[in-house]
Amino acid sequence: MKNYKIMIVITIIVVALALIKIFYLKPDDNKNKVGKPNAAPIATTAYLVKPEKISQQVYVSGTIVPYNQVSLRSEIAGKIVSIGFKDGEYVQKGDLLVKINDADLQAQLLKNTSLVQLANQKKERLSKLKSIDGVSQEELDIVESDIKNLESDRAFLSAQIAKTSIIAPFSGTIGLKLISEGAYVSPNDVIASFVQTKPIYIDFALPEKYAGIVKRGMGISFQGESLVGGPALKAQISAMEPIIEPLTKTLKCRATYFGSEQLFAGAFVKVYLNLATLEHAILIPTQSIIPILKGQKVFVAKNGLAEEVKVTTGIRTDEKIQVLDGLQIGDTILTSGLLGLKKGAKLRITKVQ
């Protein structure tokens, strides 16, 4: 009786498995099976490879740097008697910006001038006496030495008086005034900032791999936050560092902008640099590139079937990417349905760009 029940259970299990196979695991002849001869073609779009023109353009961040910039300070301590500029004013090279009180120095110079005159008169008298051997050569030499010492003192006083006048070293714009007339200043006190912004520099750094391409005189374009909506401005590379930065592995470059646009030193800009123009480059849509373990690949349509081709890529644009190796002019690259494609799959190309 027990063996009979076991046989019934086994029979029920076998019948159930058979029914599952019949109703749930039945082969679907209409299902597309990639790679089989009787599989339905996969609908896809394609791109015909043709030669195109492309610019090797590099995008980097840059900073606007003033052509000249100084902090106005006095070389000597003293009281300010006059200020010859207003906040934010444009001044010319050589203009008197600040005058420090020099009354004591002027008095010392006047006294020195009198002493020099007296010494010269004494020298004339001794020279006449020397001609008749009335005095010794030593006395005459002492007077001449005194005159030289007095003249040295006069030169020193003149230099000190010159330091009481702060002169504009170049043409530029004065910043905000930090000290007023009547204030006592020392060499540590900043009176105002002074900047020359025409022309102006654009400083930026390029990756090491472009160091052999960039040259002096090469043109760049740049765009800043204050220039949004306007055309990109043009500048020329005027200088480069002679060494690569050890930490960042970049080459520091400086371009000069000679235009009339108002730019503010310290502002951030985006720099665009065209390094080269390729006339017959192979460009394909970016979406056709498939990453793989050791590089990248694309699917190429050949004789109605999908074929895998490993490629080496180069310059990337907004919509396309350059292929350096693996493709030829005239190849048909598949651009859609790539996730379901396998090597040897039948294709039905619906559109060719």
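Checking the condition assigned by TED's automatic domain parsing to the domain that holds ASP153, more than 30 Å from TYR272 (Cα to Cα) and surrounded by 15 or more Cβ atoms within 10 Å (Cβ to Cβ), which residue from VAL116, VAL91 passes?
Only one candidate qualifies: VAL116.
Let's see how each residue does on (1) over 13 Å from the mean Cα position of the chain (by Cα); (2) touching a residue at least 24 places away in the same chain (Cβ under 8 Å):
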| position | (1), (2) |
| --- | --- |
| LYS234 | yes, yes |
| PRO242 | yes, no |
| THR256 | no, yes |
| GLU261 | yes, yes |
| LYS270 | no, yes |
| LEU275 | yes, yes |
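Do you know which of the residues in segment 139-172 that are hydroxyl-bearing (Ser, Thr, Tyr) and not in a helix (DSSP H, G or I) is nearest to LEU105 (Cα to Cα)?
Per the criteria, the residue is THR164.
Considering only segment 290-327, state which residues are part of a strand (DSSP E or B), among the basic types (Lys, Arg) and farther than 20 Å from GLN353 by Cα.
Once the filter is applied, which keeps residues that are part of a strand (DSSP E or B), among the basic types (Lys, Arg) and farther than 20 Å from GLN353 by Cα, segment 290-327 yields only LYS310.
Against the definition (among the acidic types (Asp, Glu), over 30 Å from SER114 (Cβ atoms) and assigned by TED's automatic domain parsing to the domain that holds SER221), how does ASP133 come out, yes or no?
No.
Considering only segment 252-288, how many residues are loosely packed, with under 12 Cβ neighbours inside 10 Å and either at positive phi or not acidic (Asp, Glu) (or both)?
Of the residues in segment 252-288, 8 are loosely packed, with under 12 Cβ neighbours inside 10 Å and either at positive phi or not acidic (Asp, Glu) (or both).
Just a yes or no: is a residue in segment 87-96 more than 31 Å from the chain's Cα centre (by Cα) and of a type in the set (Lys, Arg)?
Within segment 87-96, none of the residues are more than 31 Å from the chain's Cα centre (by Cα) and of a type in the set (Lys, Arg).
Anything in segment 71-118 that is among the small types (Gly, Ala, Ser) and without any contact (Cβ under 8 Å) to a residue 24 or more places away in the chain? List them, or say none.
The answer is GLY84, ALA103, ALA107, SER114.
With the requirement that a residue be without any contact (Cβ under 8 Å) to a residue 12 or more places away in the chain, out of contact with any Leu (no Cβ under 6 Å at 6 or more places or on another chain) and not in a loop (DSSP other than H, G, I, E, B), what does segment 119-137 give you?
Scanning segment 119-137 gives GLN121, GLU124, ARG125, LYS128, LEU129, SER131, GLN137.
How many of the residues in segment 59-82 are within 39 Å of the chain's Cα centre (by Cα), among the aliphatic types (A, V, I, L, M) and either farther than 30 Å from PHE264 by Cβ or surrounded by fewer than 19 Cβ atoms within 10 Å (Cβ to Cβ) (or both)?
4
Give the residues of segment 64-90 that are assigned to a strand (DSSP E or B), out of contact with any Gly (no Cβ under 7 Å at 6 or more places or on another chain) and β-branched (Val, Ile, Thr), sorted by residue number.
Listed by number, the residues that qualify are VAL65, VAL70, VAL81, ILE83.
GLY304 versus (1) farther than 17 Å from TYR59 by Cβ; (2) not assigned by TED's automatic domain parsing to the domain that holds SER336: which is the lone unmet condition?
Going through (1) farther than 17 Å from TYR59 by Cβ; (2) not assigned by TED's automatic domain parsing to the domain that holds SER336 one by one, GLY304 breaks only (2).
So GLY330 fits all but one of (1) touching a residue at least 60 places away in the same chain (Cβ under 8 Å); (2) small (Gly, Ala, Ser); (3) assigned to a strand (DSSP E or B); what number is the exception?
Checking GLY330 against (1) touching a residue at least 60 places away in the same chain (Cβ under 8 Å); (2) small (Gly, Ala, Ser); (3) assigned to a strand (DSSP E or B), the one that fails is (3).
The values are calculated or read from the model by the stated rules, or taken from the named source; none is laboratory data. Just so it is clear, the structure is predicted and the values come from calculations on it, not from any experiment. Every residue, glycine among them, receives a Cβ derived from its backbone with ideal geometry; neighbour counts consider all protein chains shown.
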